[in-house]
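The values are calculated or read from the model by the stated rules, or taken from the named source; none is laboratory data. Worth saying up front: this structure is predicted, and the values here are computed from it rather than measured. Quick reminder, even Gly has a Cβ in these numbers, built from the backbone with ideal geometry, and neighbours come from all protein chains shown.
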Amino acid sequence: MKKTFLTILTVIAMVSMVAACKKTPNPNDKPNDNPNDEPAEVVTIDGNFADWAALKDVASAEPGEDAAYPGLLLMKAVADETNIYVYFEYELQDLGDMGIQAAAPFEIFVNSDNNALTGGASWLWSEVGYEYMLESESGFLASATAVRDMGEDIGLYLFDGVDGVEAWGEGGHLTQQEVTAFCESAGTVKNNIATVEVSFLRSVVNATKKGTVAIGIVTYDLSDPNWHTSGVLPLGVSAGEVGLLEVTLP
Ligand SMILES: [Ca+2]
Ligand SMILES: [Ca+2]
C-alpha cells in the first residue's frame, strides 16, 4: 500500500515537471500581437490619411475637367473583411452672402449586388441600381474649419421600390433601417479643403460575400433649403454620364 502511494507520488511529480517544462517560454516564439485573431482593418478612421497613401491599387475617381458639380475633388474606396471605407477631398463652397460653407449634407449610394438592373436609379449616374443609401443630414462639416463624425447621425435606407426608378419617382420607395453604430468618420479642414474618411459595416448593406460593390457619393450645401448639389463622384462633366465606382470585396 505504502509502495503504491509512493509510486503515485512519483508519477505526479514527473507529470508536474513535464507540465512545468511546457510552460517555459521559448525565446524564439513570436509575441502574439492579435490574441483575438480579429482581421486587421486596412484603414483606421482617425483623421490621419497615411493609411490611404500606403494602399496600393485602390479604386479612385476624380471629376472631369469643367465638371458641373466641382465640390468633390477626389474619392477613393477600399474594403476589408468587415468594412467598406471611403475617402474624399472636398472644396468648401463660397456661398456669397452666406460666407464659406459650414454644413455639408452627405450621401453614399451602394449597389451592393453590383447589378445595375436591381435597385434604384439616380439622375446622378448612368448606371446605378443601388440597394442602400447612407445619408447624414448634418453631414461631415462641424463648421467652415472642422469636420464632424457622421456616425452620430447617419441613417441607412433600403431601396425597396420598383427596380430602375428614382426613389422619389413613381414606384420609388426607401425604408429607413433600424441600425445604429455602423458608421464612423473623421477628417480635417485646411485651406477650405475638407479631407474625410468614412467606414461602414459590410453586413448592414448585405455585402458580406467576396465580390464587388459599386459606390457613389454626393455632397450638398445649404444655399438652397432643399439642398443644393455641390459635389458628385464619380462624375464626368455633367451628372448621369458615368457609373458608380467599383470596389473589390475580399
Ligand atoms: Ca486614417
Ligand atoms: Ca443592384
Discussion item. Please go through segment 223-235 and give me each residue that is touching a Ser or Thr at 6+ places or on another chain (Cβ under 9 Å) and part of a loop (DSSP other than H, G, I, E, B), ordered by number.
Written reply: SER223
Discussion item. Residues to consider are SER126, SER143; find the one that is modelled with pLDDT of 95 or more, closer than 30 Å to ALA50 by Cα and hydroxyl-bearing (Ser, Thr, Tyr).
Written reply: SER143
Worksheet entry | Filtered residues of segment 116-146 (kept if within 16 Å of the chain's Cα centre (by Cα) and either within 16 Å of ligand 1 (Cβ to nearest atom) or not acidic (Asp, Glu) (or both)) | TYR130, TYR132, MET133, LEU134, SER136, GLY139, PHE140
Practice prompt. Would you mention how many residues in segment 225-239 are more than 21 Å from ALA102 (Cβ to Cβ) and not small (Gly, Ala, Ser)?
Written response: 4
Practice prompt. Looking only at segment 186-219, count how many residues are in a strand (DSSP E or B) and more than 16 Å from ligand 1 (Cβ to nearest atom).
Written response: 11
Worksheet item: Quick one: which of ALA20, ALA77 is among the small types (Gly, Ala, Ser) and at pLDDT below 55?
Response: ALA20
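Which of the residues that make up segment 89-107 are part of a loop (DSSP other than H, G, I, E, B) and either more than 16 Å from PRO70 (Cα to Cα) or within 16 Å of ligand 1 (Cβ to nearest atom) (or both)?
GLY99, ALA102, ALA103
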Response to the item:
Those residues of segment 57-83 which are farther than 16 Å from VAL232 by Cβ and not in a strand (DSSP E or B) amount to ASP57, VAL58, ASP80, GLU81, THR82
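Of the residues VAL86, VAL110, which is within 18 Å of the chain's Cα centre (by Cα), assigned to a strand (DSSP E or B), under 29 Å from GLY172 (Cα atoms) and away from ligand 1 (no atom under 16 Å from the Cβ)?
Selected residue: VAL110, the only one of VAL86, VAL110 that is within 18 Å of the chain's Cα centre (by Cα), assigned to a strand (DSSP E or B), under 29 Å from GLY172 (Cα atoms) and away from ligand 1 (no atom under 16 Å from the Cβ).
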Discussion item. Scan segment 162-173 and tell me whether some residue there is modelled with pLDDT under 95 and within 15 Å of the chain's Cα centre (by Cα).
Written reply: no
Discussion item. Among the residues that make up segment 129-140, is at least one of them touching a Cys at 6+ places or on another chain (Cβ under 7 Å), part of a strand (DSSP E or B) and either in contact (Cβ under 8 Å) with a residue 24 or more places away in the chain or small (Gly, Ala, Ser) (or both)?
Written reply: yes
Item to complete: Read through the list (1) under 26 Å from GLY64 (Cβ atoms); (2) in a loop (DSSP other than H, G, I, E, B), then give the number of the only condition that GLY171 fails.
Response: (1)
Worksheet entry | Members of segment 208-233 that are within 16 Å of the chain's Cα centre (by Cα) and surrounded by 24 or more Cβ atoms within 10 Å (Cβ to Cβ) | VAL213, ALA214, ILE215, GLY216, ILE217, VAL218, THR219, LEU233
Worksheet entry | Cβ pairs under 8 Å, 6+ apart, first in segment 98-122 and over 20 Å from SER136 (Cβ atoms), second in a strand (DSSP E or B) and charged (D, E, K, R) | ASN114/GLU246; ALA121/GLU166
Worksheet item: What residue, among those in segment 23-70 that are among the hydroxyl-bearing types (Ser, Thr, Tyr) and at pLDDT 55 or above, is nearest to ligand 1 (Cβ to nearest atom)?
Response: THR44
Discussion item. Any residue at all in segment 129-152 that's over 19 Å from LEU72 (Cβ atoms), among the charged types (D, E, K, R) and within 9 Å of ligand 2 (Cβ to nearest atom)?
Written reply: yes
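I'd like to verify a number: residues in segment 178-219 that are closer than 25 Å to PRO250 by Cα and either within 16 Å of ligand 2 (Cβ to nearest atom) or not aromatic (Phe, Trp, Tyr) (or both), how many?
28
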